[in-house]
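Notes to accompany the following structure.
The values are calculated or read from the model by the stated rules, or taken from the named source; none is laboratory data. The structure presented is a predicted model; accordingly, all values stated were derived computationally and were not measured. Neighbour counts are summed over all protein chains in view; Cβ atoms, including those assigned to glycine, are modelled from backbone coordinates with ideal geometry. Protein only, heavy atoms only, side chains kept; ligands, DNA and RNA dropped before computing areas. Shrake-Rupley method; radii C 1.70, N 1.55, O 1.52, S 1.80 Å.
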Amino acid sequence: QLQNKILILTICAAGIGGTFQYGYNLSIINAPASYIQMFMNTTWLERMGAPLESSVILLLWSFTVSAYPLGGLAGAVAAGPMAIMLGRKMSLLLNNVFVIIAAALAGFSRMAKSFEMIMLSRFFTGVNAGVSMNIQPMYLAESAPKKLRGAVALTSASFTALGLVLGQVVGLRELLGGEESWPFLLASNVVPALIQLTALPWFPESPRYLLIDRGDKESCISALQKLRGTSDLSAELAEMMEEQAAVKGQRAKNPWELFQNPALRWQLVSIVVLSSAMQLCGNDSMYSYAAYVFEEAGIPQDKIPYVVIGTGSCELITSVTCNMIIDYAGRRPLLLGGYIFMAGWAVIFMVALSQQTQISWMPYLSMACIFAYILSFGIGPAGVTGVLPTEVFDQMSRPAAYMICGSLLWFNLFLVGTAFPFIVKSLAHFCYIPFLVVCVCTALYVWFFLPETKGKSFLEISEEFRKWNFKTKTRAGFYKGPEEIKTTTL
């Protein structure tokens, strides 16, 4: 059917220059790490006549790595105003400018003998990823029919995983990960940007944005016809008109207004808990330190890059599987199952690491745990977390909700990336205890407080949360103290 083709092509056009870039840029920096550090040293030697100390090189390298999440944080904050003022589609298109600047900086850094250009390049790729991580799921979920909303918004996670795998593959020594070709590897993110700039203009803007934000009913119907074909649009249009009436006279909210609004309390707590848990559950640490863990597990040094590709492929396979089942299984079971399994694997992983020198087959068990952990993350938390802000907030609160989500996601990525080496140093084999606690607490939160959103309209979901928010309010006389405490601890 033509309309399904249009929807699929819209997803691909948004994804290739969107969350694909997040995954791709996260993984391409790992392969040339040693070459870039050597480049920093030789550049400094040429400039100053003296080499850098190893501790200073490490510090410069950590600045280079952390420039990415800092850029992401800036992008997440910019994404809200961009989505409101420019629209979802135009924001995604304009976002490619950051990648093009970043690719030029990284590509010419060796020629210009400037490692500062690499740091700046990583900051701009971060900005690009920060914007797309927020706007792409919003654009896709608003463009999808209700019965496919979960699966369509979840493609953002599939594109992230695809980017991770392709970044690992392109970063192999045989391709662009060699000593001569690393500037081309860092500049290769310009290709997806150019593909998106060519493809996305042909597809429609989010119909919900056109009707509710812009009040342009004709464009909304035209966009819906492109996306849905000739099928009857009256029910979907009526639902949108209902939502438009519900937010009539309101303007798009700022992030701090969400915190002040008692009608949004539980929605906000839910996305804060889940967005934080997505990074604090230790999945990205599995990637960052997979090579280290595999080395400890006794894998030969030259085989490690190929095993690491297996970890990325795991997440890709599960996020595609999750895509197929989310609108049947629901959001709650996938989140719950994901975090419970991750908690289980974390325990086995720590036991396996601690017994590694005593029992000969333990290294293989710890390797299996890495794969199982990433599979468990991919099946639920990886994708569902990005879908929820679209579903639990109305049109006027959604961009601000994504700003909060995105800021937390990037801040926590920075936090875990900085803290994990120290956690490993102090806790050694038991380095996953903090992540285990996060997984258990998140699973308990989902079990007790998160309603199912599968197959419901945005207004029905708002109604369900309203019951929660005002149930708490009626008991305010008794529960005010503990409620305050509970909110701050979360």
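Data table
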{"read-out": "Residue in the stretch 395-402 that is of a type in the set (S, T, N, Q) and assigned to a helix (DSSP H, G or I) present", "value": "no"}
{"read-out": "Flag for GLY344 being open to solvent by less than 70 Å² (accessible area, probe 1.4 Å), at pLDDT below 90 and of a type in the set (Gly, Ala, Ser)", "value": "no"}
{"read-out": "Unique match (being of a type outside the set (Gly, Ala, Ser) and under 23 Å from the mean Cα position of the chain (by Cα)) among LEU211, LEU200", "value": "LEU200"}
{"read-out": "Counted residues, the stretch 441-453 - those being open to solvent by less than 50 Å² (accessible area, probe 1.4 Å) and at pLDDT 90 or above", "value": "4"}
{"read-out": "First in the stretch 108-127 and touching a residue at least 12 places away in the same chain (Cβ under 8 Å) and in the same structural domain as THR43 (by the TED database), second anywhere and part of a loop (DSSP other than H, G, I, E, B) and open to solvent by 70 Å² or more (accessible area, probe 1.4 Å), Cβ under 8 Å, 6 or more apart", "value": "MET117/PHE108"}
{"read-out": "Single residue of the stretch 347-368 satisfying the filter (outside any helix (DSSP H, G or I) and open to solvent by 70 Å² or more (accessible area, probe 1.4 Å)) that is nearest to GLU452 (Cα to Cα)", "value": "TRP361"}
{"read-out": "Members of the stretch 397-411 that are open to solvent by 10 Å² or more (accessible area, probe 1.4 Å) and either among the charged types (D, E, K, R) or out of contact with any Ser or Thr (no Cβ under 6 Å at 6 or more places or on another chain) (or both)", "value": "MET403, ILE404, SER407, PHE411"}
{"read-out": "Given (1) of a type in the set (S, T, N, Q); (2) out of contact with any Ser or Thr (no Cβ under 9 Å at 6 or more places or on another chain); (3) closer than 21 Å to MET90 by Cα, number of the condition SER34 does not satisfy", "value": "(3)"}
{"read-out": "Residues located in the stretch 247-290, provided they are open to solvent by 50 Å² or more (accessible area, probe 1.4 Å) and of a type in the set (S, T, N, Q)", "value": "GLN250, ASN254, GLN260, SER288"}
{"read-out": "Any hit, the stretch 136-144, residues being open to solvent by 20 Å² or more (accessible area, probe 1.4 Å) and not assigned by the TED database to the domain that holds GLU460", "value": "no"}
{"read-out": "Pair list, Cβ < 8 Å and 6+ apart or interchain, from the stretch 197-224 residues that are within 18 Å of ILE84 (Cα to Cα) and crowded, with 18+ Cβ neighbours inside 10 Å to residues that are among the acidic types (Asp, Glu) and at pLDDT below 90", "value": "SER206/GLU142; PRO207/GLU142; ARG208/GLU142; ARG208/GLU243; TYR209/GLU142; LEU210/ASP216; ILE212/GLU243"}
{"read-out": "Residue selected from the stretch 454-490 under the condition closer than 23 Å to VAL440 by Cβ and in contact with a helix residue (DSSP H, G or I) (Cβ under 6 Å, 6 or more places away or on another chain), by the criterion modelled with the lowest pLDDT", "value": "LEU490"}
{"read-out": "Helices (runs of 4 or more DSSP H) lying entirely in the stretch 37-119 (those with 3 or more residues that are surrounded by 15 or more Cβ atoms within 10 Å (Cβ to Cβ))", "value": "54-85, 88-107"}
{"read-out": "Members of the stretch 170-193 found to be touching a residue at least 40 places away in the same chain (Cβ under 8 Å) and either open to solvent by 80 Å² or more (accessible area, probe 1.4 Å) or touching a strand residue (DSSP E or B) at 6+ places or on another chain (Cβ under 7 Å) (or both), listed by number", "value": "ARG173, GLU179, PHE184"}
{"read-out": "Residue under evaluation LYS248, criteria (1) free of Cβ contacts under 8 Å to residues at least 24 places away in the same chain; (2) over 21 Å from LEU86 (Cβ atoms); (3) part of a helix (DSSP H, G or I), criterion not met", "value": "(3)"}
{"read-out": "Tally, over the stretch 310-341, of residues that are of a type outside the set (S, T, N, Q) and open to solvent by 30 Å² or more (accessible area, probe 1.4 Å)", "value": "12"}
{"read-out": "Some residue of the stretch 304-311 being in a helix (DSSP H, G or I), farther than 30 Å from ARG173 by Cβ and without any contact (Cβ under 8 Å) to a residue 60 or more places away in the chain", "value": "no"}
{"read-out": "Verdict on GLU205 being of a type in the set (D, E, K, R) and touching a Lys or Arg at 6+ places or on another chain (Cβ under 6 Å)", "value": "yes"}
{"read-out": "Selection status of MET278, of a type outside the set (Ser, Thr, Tyr) and in contact with a Pro (Cβ under 7 Å, 6 or more places away or on another chain)", "value": "yes"}
